[in-house]
Structures are given as C-alpha cells and as structure tokens.
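Below is one structure, written out as structure tokens, with a few remarks after it.
Every number in this text was worked out from the coordinates using simple rules, so none of it is lab data. Every value quoted in this text rests on a predicted model; they were computed, and no experiment measured them. Ideal geometry is used to build each Cβ from the backbone, glycine not excepted, and the neighbour counts take in all protein chains shown.
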Amino acid sequence: MPTVAMVGLGRMGSAMARRFHGAGYDLVLWNRDPAKSEAVAADIGAPVASTPAEAASRADIVFSSLADDDALREVYLGGDGVVSGIQTHTIAIDSSTVDPQVVIEVGTAVDATGAVMIDCPVSGSVPVVEAGALTVMAGGPEEVIASVEPLLLSIAKQVIRVGDRGAGAACKLAVNGLVHGLNVALSEALVLAEKAGVRRDIAYDVFAGGVGGAPFVQYKREAFEHPEDATVAFSLDLVAKDLELITGLGQRVGAPMAQAQTGLEIVKAAIDSGLRDADMSAVAVYLRGDSA
Ligand code: NAP
C-alpha cells in the first residue's frame with residue numbers, strides 16, 4: 001500500500017485521514033496548527049511531520065485539504081512547502097475548493113520537480129466523507145487519476161474525470177454555485193413559511209417531501225430545524241470564499257452569475273451579524289433576525 005501524506009487536517013482533512021487509515025493506508029500527517037495533527041495521530045497512530053516538505057518526502061501520495069488559494073500556495077510553494085520535499089515518483093492530489101488558476105500555478109511547480117499533481121475537489125460535507133460517499137471531480141491525466149482511484153474510492157462513491165488539471169476546480173465552483181444557491185433559497189423559504197405562520201418542522205416536512213427535496217435539503221434538516229445545536233459542517237466564511245471564487249470565475253469566462261452575487265451579499269451580511277464561524281445553514285438564523 002502506498003504511504004499517504006495528509007496535508008491539512010481541518011474538518012474535511014481529519015475525516016478523510018480517518019477514512020484512508022480505515023482503508024489500510026499508512027499515513028504521515030501535517031497541519032499548520034499541530035494540535036489538529038496530534039489529535040488525529042492519537043486516534044490512528046500515524047506519525048506527524050514538522051513541515052509539509054517533510055510529510056511529502058515520506059510519501060508516495062500527497063493528499064491536501066486546505067482552506068483557500070493562499071493556503072494552497074503557502075503549503076505547496078512556501079519555504080519547507082510540499083514542492084521542496086516531494087519525490088519524483090509521488091502523485092499530489094489537492095481536494096481544496098480553490099481557483100482553477102491557482103491549481104494550474106501550483107501544479108506547474110509540482111511538475112517541475114518531476115512529480116505530478118491532479119486536482120480532485122469533492123462534493124459533500126463531513127458526514128458524506130465519513131460515509132465514503134463523496135463525489136470527486138478529477139482534473140488531470142487519465143492514467144494518473146486511474147492509479148489513485150482506489151484511494152479516492154475510500155472517501156467517494158464516484159470519481160468523475162472532468163478534464164485536464166484545473167477542470168476539477170472549475171467544476172467544483174460550478175456545483176457549489178448550485179449548492180450555495182440551494183442553501184440561501186432553503187433559508188429564505190423556511191423563514192418565509194415561519195413568518196407566515198407555518199411551524200418550522202411542518203414546513204420542512206413539505207420541503208423534504210416535495211420536488212425540491214434534494215439530498216442537501218434532506219441531510220441539512222437537523223441543522224435547519226435546530227440551529228442552536230447545529231454541528232459546523234461548512235462554515236459561513238468558507239461559503240463566502242466559494243461565492244467570491246464562483247462570481248470571479250463567472251466574470252472571467254463570461255457566465256452571468258446574478259443569483260450567486262446576491263447570495264454572496266446575503267452571506268456577507270450574515271457574517272457581519274456575528275455568524276462567521278457558524279454552519280452554512282445559519283443563513284436562516286440571520287434572515288430570521290436571530291443572530292447573536
Ligand atoms: P477547515 O476546517 O477550516 O480547515 C481548513 C484547513 O486549512 C486547516 O487544516 C487549516 O489549518 C488549513 N489552513 C488554512 N489557512 C492555512 C495557511 N495559510 N497555511 C496552512 N494551512 C492553512 O475547512 P474544511 O471545512 O475542512 O475545508 C477544507 C477545504 O475543503 C476548503 O477548501 C473547503 O472549501 C473544501 N470543502 C469543504 C467542505 C465542507 O463541507 N466542510 C465540503 C467540500 C469542500 P489550521 O488548522 O492550522 O487553521
């Protein structure tokens with residue numbers, strides 16, 4: 001079994017590392033805040049590297065899950081970054097939601113070392129990782145993607161090759177445009193029903209049971225119905241980051257994104273009301289007027 005360097009142990013990265021371990025892969029861990037790598041290491045008994053370069057130097061596959069463009073650049077291209085330690089036979093897989101241009105920039109630097117990088121962003125949140133049911137949008141050479149498919153299938157129910165490197169990131173922004181649109185629409189619909197006198201759980205019964213009852217509407221039910229107890233699966237600051245990337249890509253390629261632009265303004269207002277670290281479903285909390 002190849003050794004996997006898991007770089008970035010946030011909500012998604014930690015859940016992914018546990019799945020890789022469960023599938024029998026040896027891991028080496030790195031996270032900027034060592035408390036998170038130590039916590040996962042204590043659970044699965046994997047070594048912790050002191051830099052991304054060291055983690056990469058000990059692995060056949062580098063798998064990264066990082067917050068945003070800056071994090072990806074820093075962890076790969078910075079001093080002691082992945083690029084300075086990666087071995088020539090190693091495949092780097094980045095699963096972060098980032099700008100396709102940054103994927104290409106970082107991927108080109110990885111290629112220059114003799115190693116190779118593909119982008120594999122994912123659709124689905126932490127519980128979906130835990131169930132091994134993500135959708136992976138893979139960008140890169142077919143044979144490279146095929147060679148790491150067994151690893152990807154330990155966190156995913158399907159791996160779809162969407163094109164060359166960068167296409168995964170572009171497709172991820174497109175699908176997140178859909179998900180974030182749904183999140184804002186669901187928030188508005190729920191608050192509309194409540195303010196018009198329909199009980200929250202009854203309105204949700206109708207939404208979940210009707211034609212709009214997408215998987216997202218189903219699995220976010222607890223969070224929308226009981227926001228005070230909601231586990232943060234995807235924080236609002238990352239939603240804002242996504243919507244900035246989505247509207248930016250739209251502008252670059254000439255795709256109209258009026259709905260996403262409005263969604264971004266609503267999410268920013270929710271963040272300004274004190275909900276930056278709250279779950280994405282807290283858009284409804286903000287619209288209800290219940291922000292702290
Ligand atoms: P998270 O819990 O906030 O974790 C972010 C990770 O990025 C942490 O490991 C953090 O390190 C690291 N990081 C941030 N800035 C950094 C920097 N400058 N240098 C080094 N490391 C840095 O986020 P998440 O929810 O796991 O999401 C990770 C990625 O997956 C994001 O791109 C997100 O958009 C995407 N995604 C998330 C979901 C979801 O439902 N959560 C679903 C699909 C895709 P520290 O611990 O040191 O802060």
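Put simply, of Val198, Val206 the only residue that is more than 24 Å from Ala67 (Cα to Cα), in a loop (DSSP other than H, G, I, E, B) and over 22 Å from the mean Cα position of the chain (by Cα) is Val198.
Looking across Glu149, Glu188, one residue alone is charged (D, E, K, R) and farther than 27 Å from Asp94 by Cβ. It is Glu188. Of the residues Ala233, Ala223, Ala170, Ala174, the single one that is within 15 Å of the ligand (Cβ to nearest atom) and assigned to a loop (DSSP other than H, G, I, E, B) is Ala233.
Matching residues to (1) touching a helix residue (DSSP H, G or I) at 6+ places or on another chain (Cβ under 7 Å); (2) of a type in the set (Asp, Glu):
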site	(1), (2)
Gly114	no, no
Asp119	yes, yes
Val122	no, no
Val126	yes, no
Ala138	yes, no
Glu143	no, yes
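One residue stands out in segment 115-128 among those that are more than 22 Å from Ala170 (Cβ to Cβ) and not small (Gly, Ala, Ser): the one that is surrounded by the fewest Cβ atoms within 10 Å (Cβ to Cβ), namely Pro127.
Within segment 110-128, the set of residues being part of a helix (DSSP H, G or I) and within 16 Å of the ligand (Cβ to nearest atom) comprises Val126, Pro127, Val128. Please indicate, with yes or no, whether at least one residue in segment 155-163 is outside any strand (DSSP E or B), in contact with a helix residue (DSSP H, G or I) (Cβ under 8 Å, 6 or more places away or on another chain) and not β-branched (Val, Ile, Thr). Checked segment 155-163: no residue is outside any strand (DSSP E or B), in contact with a helix residue (DSSP H, G or I) (Cβ under 8 Å, 6 or more places away or on another chain) and not β-branched (Val, Ile, Thr). Inside segment 109-131, residues that are touching a strand residue (DSSP E or B) at 6+ places or on another chain (Cβ under 7 Å) and of a type outside the set (D, E, K, R) make up a count of 11. Note on segment 27-50: residues that are assigned to a loop (DSSP other than H, G, I, E, B) and within 11 Å of the ligand (Cβ to nearest atom) amount to 3. For segment 82-92, the condition of being within 13 Å of the ligand (Cβ to nearest atom) and either within 27 Å of Thr231 (Cα to Cα) or out of contact with any Gly (no Cβ under 7 Å at 6 or more places or on another chain) (or both) holds for at least one residue. Evaluating Arg18 against the criteria (1) outside any loop (DSSP other than H, G, I, E, B); (2) away from the ligand (no atom under 11 Å from the Cβ); (3) in contact with a strand residue (DSSP E or B) (Cβ under 6 Å, 6 or more places away or on another chain) leaves one unmet condition, (3).
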